1. Any residue in region 459-476 that is modelled with pLDDT of 95 or more and under 30 Å from Tyr358 (Cα atoms)?
2. Only residues that are closer than 23 Å to Gly75 by Cα and within 16 Å of the ligand (Cβ to nearest atom): list them for region 177-194, please.
3. Suppose we filter Leu218, Leu193, Leu299, Leu250 for residues that are of a type in the set (A, V, I, L, M, F, W, C), under 22 Å from Met376 (Cα atoms) and touching a strand residue (DSSP E or B) at 6+ places or on another chain (Cβ under 6 Å); which single one remains?
4. Quickly run through region 153-176 and pick out the residues that are among the polar types (S, T, N, Q) and within 11 Å of the ligand (Cβ to nearest atom).
5. Being over 30 Å from His152 (Cβ atoms) and out of contact with any Leu (no Cβ under 6 Å at 6 or more places or on another chain) is the filter here; which residues of region 292-325 pass it?
6. Which one is farthest from the ligand (Cβ to nearest atom), of the residues in region 246-259 that are touching a residue at least 60 places away in the same chain (Cβ under 8 Å) and not in a helix (DSSP H, G or I)?
7. Taking the condition of being buried (at least 18 other Cβ atoms within 10 Å of the Cβ) and acidic (Asp, Glu), how many residues in region 362-420 meet it?
8. Looking at region 399-409 only, could you name the residues that are under 16 Å from the mean Cα position of the chain (by Cα) and not in a loop (DSSP other than H, G, I, E, B)?
Amino acid sequence: MSEPTIFELSKKGRGNHYIPITEQIDGNLQELLGDENLREIPTDLPEIPENEVVRHFIRLSCFNHHIDKGFYPLGSCTMKYNPKVNEAVARIDGFSKLHPYRPEEAVQGALALMYELAGALAEISGMERVSLQPTAGAQGEFAGLLMIRKYHLKKGNRKEVVIIPDSAHGTNPASVRFAGYRSVQIKSNPEGLVSVRALQEAIDDKTAAIMLTNPNTLGLFESEIESIAEIARKYDAPMYMDGANLNALLGIARPGDMGFDCVHFNLHKTFSTPHGGGGPGSGAVGVSKRLEPFLPVPLVARDADRYYLEHERADSIGRMHGFYGNFAVLVRALAYVLSNGSDGLRQTAEGAIINANYLKEKLKTRYNLPYDRHCMHEFVLSGDLQKKKGVRTMEIAKRLLDFGFHAPTIYFPLIVSEALMIEPTETETRETLDRFAEIMRQIDSEIETIPEYVKSSPHNTPVKRLDEVLATKMLDVCWRK
Ligand SMILES: *Cc1c(COP(=O)(O)O)cnc(C)c1O
């Protein structure tokens, strides 16, 4: 479990793989590059044979948890297996080596891909049109709220607040603030849903929008969504849907049909891009007819015989990102949509829902399930019973690492104390779910018999307890120090 740095593995004089330079070329190089561009002191590169380099990095890759290594039930993040064929497609030279400054007539294939994807997402969500530019869910939210802001400015509406439920993801109030509004929080009802009564009390002419997640962050479908949309319409407040949980709806229900005016997609959650650790993402954003004029530019459009970029749109909020967003994420997403087809996408959502309900039923006998209802793609347990016995949710999460599982999302949503938010996704087998349930039950038993051992976990990981705040602020790549 210990791994030196590559510099520590190096041995002076072992040599490296350098391109052989004959004296003749050497002379020319000097002439070609000029003396001032040549090093006087050789670089201090590690000297290590190729096979040891490969082994070093393979070992390091196994120290980290990832979806190719094991189960990853991190709620709200949809850490499902991403088919490798989509990786292969994203790496095709014609896509991966495209330069964004090439003229439109030389990138017709890439434009066609973006056009098709935007169209597919519009159909999946029931929206009028989609922009692929935002590069994260949070940026999709920001783009959506800027469009809503422009909509109000254009109509002369005086608006100040956006209503969000207390179960909302932290990015929601942050995006509201960024867009120049204030967020007002409303309490969920005892069923874990938006309280229509609380909404009616909070909404007035100053309400710019209602921002909801459906299914919400408890994994529950907002069954009153149509009445909520009707209330919003009376106050000319567009409905924003945080679409991070779209994996639960694919092919079954559409935000547009529920009355939403705007939705962002996390292509890196729902549509096949490996994520976690801050890699490239896409927060494509779709809008209804009334928000369509405000979409970011450029948009991909087509006429009879070619695809082109629409730059001139008088009411657009402008640009959200350089060029066209994270293009490789878009390639994977279209490959995923086309390889699944509409029936496959529906099966995806159905599988996610069945797996979550299966696991929920297996776990609720040992862990408290505060909202005991049919769930969508995820569910939230509370570690309250275990905390009474002296072991916190954080420690249960750490103990899970010892068994080769990633921990669930913990302490979110904020309305559940000692929350454990579990999203198994559709890509896991029944055997994996059974094993996870068995280990969760075992940990609960260990809390009775060997509580101190659970509290000092993890025991089998390369690093034990980190100071998590310090670890994110001061990245120390030489961890053995
Ligand atoms: C992941 C997530 C977001 C933010 O998406 P990013 O791509 O991480 O910016 C917003 N809301 C919910 C419910 C999420 O799960």
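1. yes
2. Gln185, Ser188, Gly192, Leu193, Val194
3. The conditions single out Leu218.
4. Ser167, Thr171, Asn172, Ser175 - these are the residues of region 153-176 that are among the polar types (S, T, N, Q) and within 11 Å of the ligand (Cβ to nearest atom).
5. Within region 292-325, Arg302, Asp303, Ala304, Asp305, Arg306, Tyr308 qualify.
6. The selected residue is Gly251.
7. The qualifying residues number 3.
8. Thr409 - this is the single residue of region 399-409 that is under 16 Å from the mean Cα position of the chain (by Cα) and not in a loop (DSSP other than H, G, I, E, B).
The values are calculated or read from the model by the stated rules, or taken from the named source; none is laboratory data. Predicted model only: the values in this text are computed from it and were never measured. So basically every Cβ, Gly included, is an ideal-geometry build from the backbone, and we count neighbours across all protein chains shown.
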